[in-house]
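Working notes for the structure below.
The values are calculated or read from the model by the stated rules, or taken from the named source; none is laboratory data. Computed from a predicted structure; not experimentally measured. Here the Cβ positions follow ideal geometry from the backbone for every residue, glycine too, while neighbour counts run over all protein chains shown. Surface areas here come from the heavy atoms of the whole protein model, side chains and all, with no ligands, DNA or RNA. Shrake-Rupley method; radii C 1.70, N 1.55, O 1.52, S 1.80 Å.
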Amino acid sequence: MTNILKQTSDDVDENDETSAVTEVTSASDKMKKFGKIKTKIKTMARVQKMFKVLKDEAEMLLKIKNMAPDGKIPRGLLLDGRPAIKNSFKEFKNASNLDKENEKMPNFK
């Protein structure tokens, strides 16, 4: 009789441990899924912000793109927003003004 009680109590303890491990595993799986969803939401928010800036500042971005030597807008400019675009445009304009001396035709005497 005691052997049967010991065996059943051991089985119950093993089942409790197994269920506890399963709960921990499912909790960690839930956290991983939550982390993935959170990352996707953040990514979509960044993409939405980039499209909004692109829509609002299309003309300025085209000017910057035309001034750039490789014909591309600088990396990260859309994420930085409107102030960064204006600052970048001013930098390109300033560089263009400084470079006018080098673009002149040489004086022939």
Problem - For region 37-109: accessible area per residue (Å², 1.4 Å) - result: 88
Exercise for the section: Just tell me which lysines come within less than 25 Å, Cα to Cα, of residue 90; anything on the same chain fewer than 8 places away is out. Expected result: 49, 52, 55, 63, 65, 72, 100, 104
Completion exercise
Each label sits 7 Å from Cα toward the beta-carbon; between residue 103 and residue 27 the label points are separated, in nm, by 6.5
Handout entry: Qualifying lysines (Cα of each under 16 Å from Cα of residue 38; at least 8 residues distant if same chain)
Key = 30
Exercise for the section: Mind ranking 31, 50 by accessible surface for me, highest first, 1.4 Å probe? Expected result: 31, 50
Fill in the blank from the handout: In region 35-92 the accessible area split gives carbon plus sulfur, as whole percent at 1.4 Å, a share of 60
